[in-house]
Amino acid sequence: MGDVVWVSVGLDLSWVLASSLRQKILKVLFEKREMQIMKLVTSVGSTYNDLNRNLLILEKEGIIINEYPVRVRQGKVRNIRLNRENPKTKLLLAALKSLDGENKTPLR
């Protein structure tokens, strides 16, 4: 029955969660709500290029939203946040909660 739900929203859950980096990104964004791209790089212990590649996958699925709220002298500030209105995001967070079992910070 659970598989029918995943298919009904067009999400390949195993593919999205196959990357430990994508899992880390989702967990950090769940806890912080929104984060600047370079702070997210540091938080998940990745490089900008690896993080950006995984963010593009999540953005394509509609799971995250890129925002450029402020222009600074040498570019733009890029904020990343979860698209909590997307059913795919809700399913992914539930799956992460299930994978984590009893975690210090339960996902809701």
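We did not get these values from a lab; they are worked out from the coordinates using the rules stated. These numbers come from a predicted model, not from an experiment. Glycine gets a Cβ as well: all are built from the backbone with ideal geometry, and neighbour counts include every protein chain shown.
Taking a sphere under 10 Å around the Cβ of ILE65 and counting the other residues whose Cβ falls inside, with K and R at +1 and D and E at -1, yields a net charge of -2.
Neighbour counts of other Cβ atoms within 10 Å put ARG78, ARG33, ARG84 in the fewest-to-most order ARG33, ARG84, ARG78.
Shown in residue order for the range 91-99 are the 3J(HN,Hα) couplings computed by the Karplus curve 6.51 cos²θ - 1.76 cosθ + 1.60 at θ = phi - 60°: 5, 5, 5, 5, 5, 4, 4, 5, 5 Hz (x for Gly and Pro). A straight Cα-to-Cα reach below 17 Å connects LYS90 with the lysines LYS24, LYS27, LYS32, LYS60, residues fewer than 8 places away in its own chain not being considered.
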